[in-house]
2 protein chains.
Amino acid sequence: MNNDSELPINPDDVAAAAQRLAGVAHRTSVFTSRQLDERFGAELFLKAEQFQRGGAFKFRGAYNTVSSLGKGELARGVVAASSGNHAQALAIAAGLAGTAATIFMPQDAPASKRAATEGYGARVIEFDRYADDREAIVREFVEREGLTPVHPYDDPQIMAGAGTSALELLQEAGPLDLLVIPAGGGGQLSGGAVAASSVAEPPRVFGVESAAVGQWGASLAEGRPVRVKVGRTIADGQQLPSPGTRTFTVVKALVEDVVGVEDAQMRTAMRYLFERQKLVTEPSGSSALAAVLAGLIDVKGLRVGVIMSGGNIAVDRFVSLMSQER
Amino acid sequence: MNNDSELPINPDDVAAAAQRLAGVAHRTSVFTSRQLDERFGAELFLKAEQFQRGGAFKFRGAYNTVSSLGKGELARGVVAASSGNHAQALAIAAGLAGTAATIFMPQDAPASKRAATEGYGARVIEFDRYADDREAIVREFVEREGLTPVHPYDDPQIMAGAGTSALELLQEAGPLDLLVIPAGGGGQLSGGAVAASSVAEPPRVFGVESAAVGQWGASLAEGRPVRVKVGRTIADGQQLPSPGTRTFTVVKALVEDVVGVEDAQMRTAMRYLFERQKLVTEPSGSSALAAVLAGLIDVKGLRVGVIMSGGNIAVDRFVSLMSQER
């Protein structure tokens with residue numbers, strides 16, 4: 001294990017984020033299930049980040065970031081490129097912090113996502129995801145307009161904010177043996193691993209990614225962030241070609257392994273959560289539980305925290321995904 | 001308004017039920033939504049009984065009843081005829097109280113419901129819903145075997161137990177102007193109305209039924225429980241030909257009105273709860289919110305409690321219902 005002092009964030013950063021988020025972010029519920037515990041011979045604690053503001057854990061990092069900005073930065077505003085949960089989270093956070101958010105969104109993003117983001121008060125600018133270079137567009141816009149870019153995951157403030165979900169889970173559930181966290185860019189996984197490292201008896205931490213992408217598995221095997229071909233998957237929240245460099249540093253140091261789940265395993269977890277827990281999750285949001293349900297992580301005899309990272313899925317898409325399953 | 005002392009239950013009965021249920025039933029969450037409040041110019045408090053044990057409010061009445069039984073009754077067991085949430089609730093409650101539950105279930109009941117009921121430890125006996133007289137079968141069984149019948153709604157203990165959901169909502173949300181409760185047999189509506197009548201400034205109470213059935217509207221118009229032709233509706237939890245006699249007495253005395261919602265209005269509410277609140281509700285469980293969303297009850301400027309009574313719906317049925325909507 002690396003020397004934690006060299007990591008981009010430390011437990012104090014997560015604790016500071018928790019203070020900034022107190023009374024602003026929802027302290028989301030933790031669900032337990034006797035039936036699930038009996039089935040696995042374990043004690044499972046499911047953290048419901050679908051109940052977070054904006055419907056996903058992303059608000060934690062976004063608000064931690066914008067609430068740390070100086071007056072000048074707030075006056076100029078923030079910007080990000082995202083068609084997903086980060087866009088809505090940043091729009092809400094910016095509104096609360098009294099600053100303006102500009103979101104670059106692919107022109108083929110779902111109308112509902114665009115409407116939601118605008119509904120939270122953000123300005124949306126379209127780009128062509130096939131012709132335009134998203135990073136270059138944002139960079140140029142930042143240089144020209146002086147806005148502060150807010151990266152969706154590879155940023156210390158974002159990571160520290162995202163880590164507060166695991167911190168709350170540890171506070172609520174008590175000592176855990178395992179902590180299982182979905183991994184896309186790695187913000188929540190890295191932040192959660194740092195939060196977990198600070199408790200008296202730290203749990204082992206696992207990440208869960210989409211097996212159809214596998215950016216974490218490939219990168220951990222190489223010992224450095226590598227770029228993979230992004231496969232088709234229902235887990236749009238985890239469809240990224242490579243881990244962040246900062247998040248990777250933390251994950252390499254503190255996370256035992258990142259396992260990959262198949263789409264069908266996420267569908268099974270979504271169905272289970274719907275029918276037994278009465279909870280809506282989007283595919284990536286169900287991935288950590290999917291790994292447990294599929295037996296990819298051995299939980300027998302253990303106290304296990306599992307994060308459900310988000311629930312932003314339209315009924316029509318859910319219907320389509322569940323109709324394909326059988 | 002009638003003299004409350006003549007009613008089958010009084011607020012003390014609901015308070016006593018709350019004591020029996022403490023630490024056994026889930027004290028279910030209350031959800032709020034800024035977006036919903038802005039849309040209606042109101043303050044809405046949504047009580048999530050889909051998170052109750054067994055997935056619906058029914059556990060409250062079932063446990064209140066079985067936990068009040070004497071030793072001899074517990075030794076002989078309890079019996080009910082139900083294919084729905086009452087069956088599962090009674091099975092769980094009986095297990096907790098250390099007694100045996102026998103459930104008469106129509107032979108065409110969904111296999112999943114039968115499996116769930118048996119999974120909770122109940123004995124299931126099939127009957128033919130078209131050929132057999134359900135009431136007569138249970139009565140005969142009770143006489144022969146000495147079991148205690150547990151009616152799904154028209155029983156003082158069931159009504160008092162079911163009323164604890166409204167009691168908790170009033171405790172959590174503080175003073176309310178309106179309380180909106182789904183109405184099937186009327187257990188939760190009558191119990192909730194009695195609970196509401198006990199607070200310092202009682203809210204006005206509305207029931208919501210399936211417009212395709214309309215047993216409450218017809219009965220209130222006549223001033224006595226009448227039998228209606230049961231129309232087709234997606235709200236299987238509310239598909240009853242007449243109110244209970246005891247529940248009707250309470251509702252007539254304490255409830256301002258029972259309004260009917262169309263299936264399409266329940267679908268809209270189910271979709272809203274799924275997409276915005278990340279919550280699963282069955283059709284009848286969404287009916288109270290459906291009445292508010294459809295503008296059937298004027299909530300402007302008011303503090304309004306709404307009970308979501310249950311979430312027992314298979315994914316495949318949800319998919320089918322949502323596919324019909326558009």
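The values are calculated or read from the model by the stated rules, or taken from the named source; none is laboratory data. Worth saying up front: this structure is predicted, and the values here are computed from it rather than measured. So basically every Cβ, Gly included, is an ideal-geometry build from the backbone, and we count neighbours across all protein chains shown. With ligands, DNA and RNA removed, areas are computed over all heavy atoms of the protein, side chains included. Shrake-Rupley method; radii C 1.70, N 1.55, O 1.52, S 1.80 Å.
Just reorder A:47, B:252, A:229 by solvent-accessible area, largest first, 1.4 Å probe, all chains present.
Descending order: A:229, B:252, A:47.
For chain A, modelled as a GNM with alpha-carbon contacts under 10 angstrom, which of A:56, A:94, A:221 fluctuates the most?
Maximum fluctuation in the GNM of chain A, among the listed residues, is at A:221.
How about region B:232-275: which GluC sites (Glu not before Pro) there are in a DSSP loop, with at most 15 other Cβ atoms within 10 Å of their Cβ?
B:256
Starting from the Cα of residue A:71, draw a straight line to each of the lysines and keep only those under 21 Å, dropping any in the same chain fewer than 8 residues away.
none
Could you tell me whether region A:135-230 comes out rounded, prolate or oblate from its Cα gyration tensor? Rule is a ≥ b ≥ c as square roots of the eigenvalues, rounded for a/c under 1.5, then prolate if a/b exceeds b/c, otherwise oblate.
oblate
Only helical DSSP H runs with n ≥ 4 go in: add -39500 (n - 2.57) per run for the protein assembly as shown, normalise by residue count and round the 222 nm mean residue ellipticity to 500 deg cm²/dmol.
Computed ellipticity for the protein assembly as shown at 222 nm equals -13000 deg cm²/dmol.
Any idea what angle helix B:245-254 forms with the longest principal axis of chain B, computed on alpha-carbon atoms, 0 to 90 degrees, nearest 10?
Its long axis makes an angle of about 20 degrees.
Going through region A:78-140, which chymotrypsin sites (Phe, Trp or Tyr not before Pro) have at most 14 other Cβ atoms within 10 Å and a DSSP loop state?
The qualifying sites are A:130.
Taking a label point 7 Å from Cα toward Cβ, how far is residue B:125 from its twins in the other copies, in nm, shortest first?
Shortest to longest, the spacings are 7.4 nm.
Dipole size in debye (nearest 20) for chain A around its Cα centre, Lys and Arg Cβ +1, Asp and Glu Cβ -1?
560 debye
Charges only on Cβ, +1 for Lys and Arg, -1 for Asp and Glu: so what's the dipole of region B:41-114 about the Cα centre, in debye to the nearest 20?
So the magnitude is around 180 debye.
Calculate, for region A:173-222, the solvent-accessible area per residue in square angstrom, rolling a 1.4 angstrom probe over the heavy atoms of the protein chains.
26 Å²
Please say if the protein assembly as shown is rounded, prolate or oblate, where rounded means a/c under 1.5 for a ≥ b ≥ c the square roots of the C-alpha gyration tensor eigenvalues, and otherwise the choice is prolate for a/b larger than b/c and oblate otherwise?
Note, shape of the protein assembly as shown comes out prolate.
Got the residue B:276 label distances to the other copies yet, label 7 Å along Cα→Cβ, in nm, shortest first?
For residue B:276, the inter-copy label distances come out at 3.1 nm.
Find the relative contact order for region A:191-326 and round it to a whole percent, using C-alpha pairs within less than 8 Å whose residues are 6+ positions apart.
23 percent
Measuring from the axis that superposes chain B on chain A, report the chain B residue with the minimal C-beta distance, rounded to whole Å.
B:319, 2
Once you keep just the Cα pairs under 8 angstrom separated by 6 or more residues, what percentage relative contact order results for chain B?
Result for chain B is 21 percent.
Of all beta bridges DSSP finds with both residues in region B:1-138, what is the antiparallel percent, to the nearest 5?
Counting DSSP beta bridges with both partners in region B:1-138, the antiparallel share is about 20 percent.
Mean-square fluctuation check for chain A, GNM, Cα pairs under 10 Å: which of A:236, A:154, A:316 is largest?
It is A:316.
Where does helix A:187-197 land angle-wise versus the long Cα axis of chain A, in degrees 0 to 90, nearest 10?
Helix A:187-197 sits at roughly 50 degrees to that axis.
Considering only protein heavy atoms and a 1.4 Å probe, what is the carbon-and-sulfur percentage of the accessible area of the protein assembly as shown?
46 percent
For labels at residue B:129 and residue B:316 in the simple 7 Å Cα→Cβ model, what's the distance in nm?
It is 1.7 nm.
Compute the angle between helix A:134-145 and the longest alpha-carbon principal axis of chain A, please, reported from 0 to 90 degrees and rounded to the nearest 10.
40 degrees
Which lysines have a Cα less than 29 Å from the Cα of residue B:300, not counting those fewer than 8 places away in the same chain?
A:113, B:47, B:252, B:278
How much accessible area per residue does region B:40-164 have, counting only protein heavy atoms and a probe of 1.4 Å, in square angstrom?
That works out to 38 Å² per residue.
Mind listing the label-point distances from residue B:110 to the same position on all other copies, shortest first, one decimal in nm, points 7 Å along Cα→Cβ?
So the distances to the same position in the other copies read 2.4 nm.
Show me you know the interface measure: the accessible area buried between A and B, both chains summed, probe 1.4 Å, in Å² to the nearest 100.
2200 Å²
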